[in-house]
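Asker: Handing you a structure now.
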Amino acid sequence: MDRAFWRARVIKNHLTQDPCTQTRSLSGAPCLDYSPPELAEPAAAFDVAAMRALLDGHNVAERDWLFGLMTQSKLFNPRRVGGRVFVAPDYNQSMEQQREMTMRRIEFLLERGVFEGWLTAGTAEGELRKLALQEVANIYDHSLAIKFGVHFFLWGGAIQFFGTERHHVKWLRDTENYVVKGCFAMTELGHGSNVCNVRGIETVTTYDPRAREFIINTPCESAQKYWIGGAANHATHTVAFSQLNINGINQGVHAFIVQIRDADGNICPNIRIADCGHKIGLNGVDNGRIWFDNVRIPRENLLNSVADISPDGEYLSAIKDPDQRFAAFLAPLTAGRVNIAASAIYSAKIGLAIAIRYALSRRAFSIAPNQPEVLLLDYPSHQQRLLPLLAKTYAMSFSANHLKMIYVKRAPELNKTIHILSSAFKASFTWHNMRTLQECREACGGQGLKTENRIGHLKGEKDVQSTFEGDNNVLMQQISKTLFAEYLVARKRNKPFKGLGLEHMNGPCPVLPQQLPSTVLRSDQFQVDAFHVRERDLLNRFAEEILQRQAQGERKEHALLSSYQLAEDLGRAFSERCVLQNFVEVEENSPAGSLKDMLALLRSMYALTCMEEDASFLRYGYLSTENAAAVRKEVAKLCSELRPHALALVNSFGIPDAFLSPIAFNWVEANSWSSVQH
């Protein structure tokens, strides 16, 4: 009964309240106002331009030139929001419209010389310029970067590396000028990650010696070429991967140039093309499916760097084993993974720059009554969400640069190193990117859901990076398989480890200290030793488990598959050790001063975060429970020490304001009624 009286009194007070009194109480509350973080945050304690030069690694001026081209053209969809201009594709457009805009933007870049020398320069400097401009395009729109990436790196790369002079003369210049629009037909409906297996691809090609032509066929539905970027609308030619059957003998997988459309865009005879349809991202790329029905092509269209056919049909190759022949084919085509690893880090930079700037201007909750609300980034929990990811992004940037440098200066003896590093970094960096984007999206609250604020949409755009150019989990197992082969060579043949950074395996195993005070935890020697201990032990465990299984009668292949848990742990340990090693090298090569000091903080945050997050350190006893707790506490200390530098650290990314989003700046004005009317 008391509750009924209480409710009646509440209703009475509500109905009889003086409206003037109510209005006066409301008008007394102050409105929130935006304050740029630059006004409150301390000035940068280090040289931001020098830090950016370290992060980008190369071609900074060319990057800024392309940023400028994009911001000055209406083709890149400039929009004024909150008193600033932002450029980003209009994702409200239909799939067809997005594809058309992607092609128009490529034509714009072509006219302004962006692609000059991309296939014909033939120098390491030219390749670095190409990689830099690709990364800038990726910051603007993943579809744009993928669309011309397929054309230049996959189609053009196949002509460069699989072909010989006759192909270079005929195709490279026309490809660079977009007279020819190329795509890359490797994956099939029935075979994605395992197309590199000679028995995987089902497309079949035979040779007609009378006509001196190859005949390409799609023998079944699972053999249709699938997810072929550029095939659905624009490509005129493709490099088709197919089994080559000569006189009843399967010679394995080879690559052929096939015209699929004429110059007017009409599909060629005996070719069928269908659209892959709408996707969760990358809708500016026209992924398609291709069927070949007795398609005839000239003998000269075989890309013959590894094998050839004489006019009368004799098969010619110095490499007799089909698996080895195909491996030699693919060795130079690591550019895709190199690109993906680097572009994943730039996406993480976008997310972090937006989320951290927002956290430096958005307030929430008061710690005490009548006190101002607290900046999001002043909450230790918010620091813990973003700042370790920031340090990891720095660390991975340096390793992406290292990978690019050895890629552009590649030689045959580096092929294995490039293949393994690009596989490790592609998997690790794309996983890191997706985790970072998710955390940044959540850290921005409801504003993170808006497409115009980029982070949420980037998740859909970048999700595919975990799958294409090799499924990440498969790549991690592939890395461990290679490390096992290195182990066998070293142990069974009594040879020292050489290459892949495994030389640390040749000396005695480091002994980690029993006590881990802050000075030890932040020592690069301790961090490197800890990573070496983990990698050494996991490789030994992995090898012993496989050898034990083999001794019990298991086939080597089955033993490798059964040991997948250790394989994944080892792949992670290898990748993180490589990243730390590259970070230490960058730090060592930097002159003493504030920038070097900041690198040391970031390096410690990276190393200790990896140690905190990987259960291997506790599972296998590399750290005691007490020392694991010490690592965790040190990460929290590092967060508080990095907090004053957060703005300078994201400014060092060098991403122009126009390529971020409204919530990175005046989010109050961006959401005001005047912005709606505008």
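Asker: Can you find, among VAL584, GLN465, ALA368, the residue sitting farthest towards the positive end of the charge dipole of the chain, where Lys and Arg contribute +1 and Asp and Glu -1 at Cβ?
Answerer: My answer, from the dipole projection, is ALA368.
Asker: Now for a separate question. Could you work out the helix-only [θ] at 222 nm for the chain, with each DSSP H run of four or more residues adding -39,500 (n - 2.57) and the total divided by the number of residues, to the nearest 500 deg cm²/dmol?
Answerer: That comes out to -16000 deg cm²/dmol.
Asker: For the range 564-578, just list the computed ³J(HN,Hα) in residue order, Karplus coefficients 6.51, -1.76 and 1.60, θ = phi - 60°, integers in Hz, with x standing in for Gly and Pro.
Answerer: 4, 5, 5, 4, 5, 4, 5, x, 5, 4, 4, 4, 5, 5, 4
Asker: Which angle from 0 to 90°, rounded to the nearest 10, does the C-alpha axis of helix 95-111 make with the longest principal axis of the chain?
Answerer: So the inclination is approximately 80 degrees.
Asker: Another one. Any chance you could run the full-extension gain for GLN384 through LYS416? It's 0.36 nm times the residue separation minus the Cα-Cα distance, nm to one decimal.
Answerer: Answer, rounded to one decimal: 7.8 nm.
Asker: Between ARG363 and GLU300, what FRET efficiency comes out of the Förster formula 1/(1 + (r/R0)^6) with R0 = 45 Å and r the beta carbon distance, rounded to 0.05?
Answerer: According to the calculation, E is roughly 0.10.
Asker: With +1 on each Lys and Arg Cβ and -1 on each Asp and Glu Cβ, how big is the dipole of the range 386-521 about its Cα centre, in debye rounded to the nearest 20?
Answerer: Using Cβ point charges on Lys, Arg, Asp and Glu, the range 386-521 gives about 480 debye.
Asker: Another question, then. Once amide H atoms are built 1.01 Å from N in the peptide plane, which residues 5 or more positions from ARG84, or in another chain, come under 5 Å H to H?
Answerer: It is none; the list stays empty.
Asker: Between ARG210 and ALA263, what is the FRET efficiency for a Förster distance of 41 Å, r being their Cβ-Cβ separation, to the nearest 0.05?
Answerer: Plugging the Cβ-Cβ distance into 1/(1 + (r/R0)^6) gives 0.90.
Asker: Hey, another quick one. Taking the Cα centre of the chain as the origin and placing charges on Cβ (Lys, Arg +1; Asp, Glu -1), which of PHE161, SER381, PHE241 is farthest toward the positive end of the dipole?
Answerer: The residue sitting most towards the positive pole is SER381.
Asker: How large is ³J(HN,Hα) for each residue in the range 451-457, as worked out from phi by the Karplus curve 6.51 cos²θ - 1.76 cosθ + 1.60 (θ = phi - 60°), to whole Hz, x for Gly and Pro?
Answerer: My calculation for the range 451-457 gives 4, 5, 8, 6, 4, x, 5 Hz in order.
Asker: With a cut-off of 8 Å between alpha carbons and a minimum separation of six or more residues, what is the relative contact order of the chain in percent?
Answerer: 16 percent
Asker: Test of understanding: what is the full-extension gain from GLU588 to LYS498, defined as 0.36 nm times their sequence separation minus their Cα-Cα distance?
Answerer: Contour length minus the Cα-Cα distance gives 30.1 nm.
Asker: From the alpha carbon gyration tensor of the range 180-321, can you work out the equivalent ellipsoid semi-axes (sqrt of 5 times each eigenvalue) and give them in Å, largest to smallest?
Answerer: Working through the eigenvalues yields semi-axes of 26, 17, 12 Å.
Asker: Right, another one. Suppose R0 equals 25 Å; then what is the FRET efficiency for ILE249 and ARG272 from their Cβ-Cβ distance, rounded to the nearest 0.05?
Answerer: 0.30
Asker: Amide H neighbours of GLY288 under 5 Å, counting only residues 5+ apart in sequence or on other chains, H built in-plane at 1.01 Å?
Answerer: For GLY288, the qualifying residues are TRP227, ILE228, GLY229, GLY230, ALA231, ALA232, CYS276.
Asker: If you don't mind, there's one more thing I want to ask. Of SER305, TYR315, THR71, whose Cα points farthest to the positive end of the dipole of the chain (charges on the beta-carbon: +1 Lys, Arg; -1 Asp, Glu; origin at the Cα centre)?
Answerer: Of the options given, the answer is THR71.
Asker: Just by accessible area at a 1.4 angstrom probe, what is the order of HIS419, HIS142, HIS191 from largest to smallest?
Answerer: Largest to smallest exposure gives the sequence HIS419, HIS191, HIS142.
Asker: Can you give me the long-range amide H partners of GLU188? Hydrogens built in the peptide plane at 1.01 Å from N, cutoff under 5 Å, separation of 5 or more residues or another chain.
Answerer: Those lying under 5 Å, H to H, from GLU188 are TYR226.
Asker: To the nearest 20 debye, what is the magnitude of the charge dipole of the range 180-321 about its Cα centre, counting +1 on the Cβ of each Lys and Arg and -1 on the Cβ of each Asp and Glu?
Answerer: It works out to roughly 180 debye.
Asker: Still on this structure, I have one more. Tilt of helix 2-16 relative to the longest C-alpha principal axis of the chain, in degrees (0 to 90, nearest 10)?
Answerer: Between the helix axis and the principal axis of the chain, the angle is about 90 degrees.
Asker: Which whole-number percent gives the relative contact order of the range 180-321, counting Cα pairs below 8 Å spaced six or more residues apart?
Answerer: 26 percent
Asker: Give, in nm to one decimal, the length gained when the segment between GLU62 and GLU165 is fully stretched (0.36 nm per residue of separation minus the Cα-Cα distance).
Answerer: 34.0 nm
Asker: Then there's this: Using the structure shown, list the pairs from LYS130/LYS462; LYS426/LYS556; LYS596/LYS637; LYS130/LYS450 with a Cα-Cα distance above 23 Å, or answer none.
Answerer: LYS426/LYS556; LYS130/LYS450
Asker: Give, rounded to the nearest 20 debye, the magnitude of the charge dipole that the chain has about its Cα centre when Lys and Arg contribute +1 at Cβ and Asp and Glu contribute -1 at Cβ.
Answerer: Dipole magnitude for the chain comes out near 800 debye.
Asker: Output wanted: per-residue J couplings in Hz (rounded whole) for the range 629-646, from phi through Karplus 6.51 cos²θ - 1.76 cosθ + 1.60, θ = phi - 60°, x for Gly and Pro.
Answerer: Values per residue, Gly and Pro as x: 5, 5, 4, 5, 5, 5, 4, 5, 4, 5, 4, 5, 6, 7, 3, x, 9, 4 Hz.
Asker: Could I ask something else about it? Measuring with a 1.4 Å probe in the full set of protein chains, what accessible area per residue, in whole Å², belongs to the chain?
Answerer: Computed with neighbouring chains in place, this is 44 Å² per residue.
The values are calculated or read from the model by the stated rules, or taken from the named source; none is laboratory data. Given the structure is predicted, the values throughout are model-derived calculations rather than measurements. Quick reminder, even Gly has a Cβ in these numbers, built from the backbone with ideal geometry, and neighbours come from all protein chains shown. Each accessible area value is taken on the protein alone, full model and side chains, heavy atoms only, with ligands, DNA and RNA left out. Shrake-Rupley method; radii C 1.70, N 1.55, O 1.52, S 1.80 Å.
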